[in-house]
Amino acid sequence: MRSDRIADVIVALPADILASPPDYLRSARKRIELVAGGERRQDSVARAFARVPDSADLVVIHDAARPLVSQDLIARTLDAAAAHGAAIAALPATDTVKQSNREGVIIGTLPRSEIYLAQTPQAFRRRVLQDALASAHAGDATDEATLAERAGHPVHLVTGDARNVKVTTPDDLDAAERFLGRGHDPLTIRIGVGYDLHRLVAGRPLVLGGVRIPFEKGLLGHSDADAVCHAVTDAILGAAGAGDIGRHFPDTDPAWKDADSLVLLTRAAAIVRAGGFAVANVDVVVIAERPKLVPHLAGMCAALARALGVDDSRVSVKGKTNEGVGAEGAGDAIAVHAVALVARQS
Ligand code: MG
């Protein structure tokens, strides 16, 4: 409809649709004429052809079931028809082509290099199409090129376009929507941020990312005070738009007293999954002056990945000191920042 190579559009429609044609068959840009289709494809084409203006030297036929045809493919097919009399868009076969009998047993393998799968547009010089349609009584044809071939006209091939799909099944519709960029909505990739800080005090075990780390102090809190798990929990819940750790696991609830925070994270991951999201990756920074975290980072990644139900490669944990500055620098607290990316699964 947008091609500047097309002057007039004639659409053959079933009679019931012709009675109240859809809005998209109106255009301010070019003349669109609607005609009643016939019994067979070639009858519909003949009825439409009868309405082609005398001034038109080239006629191009296109299936409405191929909505993704490009202007370039229309132009190339028209150019070839202008040069040779008749030309169609077609794709070379990429699969091996077998011929079978009625029992589904192969009776031959066709040389693939000679096989092309016909598409539309199919373009013709006016007199060639006229000749082809005049010979249509000779039998049914699934495209106009067949009629032209039978009438003895050479029909040239123009390399078609894989995007120019014929939409006849639900799978075809999926493919067409993917080509239109509708199959995957980039806005369903979402990021979340989490933060937590706990005081470091004597007489508590130090648990970070589900790993118990030997140290003279531990983090103070209602649960095991695992600030890494808490930050990651908030990051994934936030990414999925599912609230935060306080809403799902309030510290006023005795159920979470001394809770294993990996269990909370496992539950949060289930909430995220129930929302239709999968965790793409998690990245964590632990700010602790002491102890040295490097020996424990791989263990934290593995424990977090297990709780999240993802591969270890999707989780990263890094340790930083705070250069002696502030509560973290003085060894009075450990702070954790986390980001998580989640993606909606189709
Ligand atoms: Mg916390």
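The values are calculated or read from the model by the stated rules, or taken from the named source; none is laboratory data. Just so you know, these numbers come straight off a predicted model, no measurement behind them. Positions of Cβ are backbone-derived with ideal geometry, glycine not excepted, and every protein chain shown enters the neighbour counts. Ligands, DNA and RNA are stripped out before the accessible areas are found, and what is left, the full protein with its side chains, is counted by its heavy atoms. Shrake-Rupley method; radii C 1.70, N 1.55, O 1.52, S 1.80 Å.
For the stretch 1-33, give me each residue that is modelled with pLDDT of 85 or more, aliphatic (A, V, I, L, M) and either more than 16 Å from Val59 (Cα to Cα) or surrounded by fewer than 14 Cβ atoms within 10 Å (Cβ to Cβ) (or both).
Ala7, Leu13, Ala15, Ile17, Leu18, Ala19 - these are the residues of the stretch 1-33 that are modelled with pLDDT of 85 or more, aliphatic (A, V, I, L, M) and either more than 16 Å from Val59 (Cα to Cα) or surrounded by fewer than 14 Cβ atoms within 10 Å (Cβ to Cβ) (or both).
Against the condition assigned to a strand (DSSP E or B), within 24 Å of Ser3 (Cβ to Cβ) and either open to solvent by 70 Å² or more (accessible area, probe 1.4 Å) or not assigned by TED's automatic domain parsing to the domain that holds Leu18 (or both), how does Leu117 come out, does it pass?
For Leu117, the condition - assigned to a strand (DSSP E or B), within 24 Å of Ser3 (Cβ to Cβ) and either open to solvent by 70 Å² or more (accessible area, probe 1.4 Å) or not assigned by TED's automatic domain parsing to the domain that holds Leu18 (or both) - is met.
Just to be sure I understand the filter: pairs with C-beta atoms under 7 Å, separated by 6 or more residues or on different chains, first member in the stretch 38-63 and over 23 Å from Asp79 (Cα atoms), second member among the β-branched types (Val, Ile, Thr) and open to solvent by 80 Å² or more (accessible area, probe 1.4 Å). Which pairs pass?
Close Cβ pairs satisfying both conditions: Arg41/Thr142.
Within the stretch 192-210, work out how many residues are assigned to a loop (DSSP other than H, G, I, E, B) and under 23 Å from Asn281 (Cβ atoms).
2
Of everything in the stretch 209-256, what is over 24 Å from Gly299 (Cβ atoms) and among the hydroxyl-bearing types (Ser, Thr, Tyr)? Give them in sequence order.
Thr252
Take Leu262 and decide whether it is at pLDDT 95 or above, out of contact with any strand residue (DSSP E or B) (no Cβ under 6 Å at 6 or more places or on another chain) and crowded, with 17+ Cβ neighbours inside 10 Å.
Considered against the rule, which asks whether it is at pLDDT 95 or above, out of contact with any strand residue (DSSP E or B) (no Cβ under 6 Å at 6 or more places or on another chain) and crowded, with 17+ Cβ neighbours inside 10 Å, Leu262 comes out as yes.
I need a count of the residues in the stretch 211-244 that are closer than 18 Å to Asn281 by Cβ, outside any helix (DSSP H, G or I) and within 15 Å of the ligand (Cβ to nearest atom).
Counting residues in the stretch 211-244 that are closer than 18 Å to Asn281 by Cβ, outside any helix (DSSP H, G or I) and within 15 Å of the ligand (Cβ to nearest atom) gives 0.
Condition (residue is over 18 Å from the mean Cα position of the chain (by Cα) and away from the ligand (no atom under 16 Å from the Cβ)) applied to the stretch 193-207: is it met by at least one residue?
Yes, there is a match, as at least one residue in the stretch 193-207 is over 18 Å from the mean Cα position of the chain (by Cα) and away from the ligand (no atom under 16 Å from the Cβ).
Just to be sure, is Ala90 modelled with pLDDT of 95 or more, assigned by TED's automatic domain parsing to the domain that holds Glu144, open to solvent by 70 Å² or more (accessible area, probe 1.4 Å) and of a type in the set (A, V, I, L, M)?
Criteria not met by Ala90.
On the basis of being over 35 Å from the mean Cα position of the chain (by Cα), within 21 Å of Ala48 (Cβ to Cβ) and open to solvent by less than 80 Å² (accessible area, probe 1.4 Å), does Val167 make the cut?
no
Out of the stretch 47-74, which residues are open to solvent by 20 Å² or more (accessible area, probe 1.4 Å) and of a type in the set (Gly, Ala, Ser)?
Across the stretch 47-74, the qualifying residues are Ala50, Ser55, Ala56, Ala64, Ala65, Ser70.
Name the single residue that is nearest to the ligand (Cβ to nearest atom) among those in the stretch 245-282 being part of a helix (DSSP H, G or I) and within 20 Å of Arg204 (Cα to Cα).
Ser261
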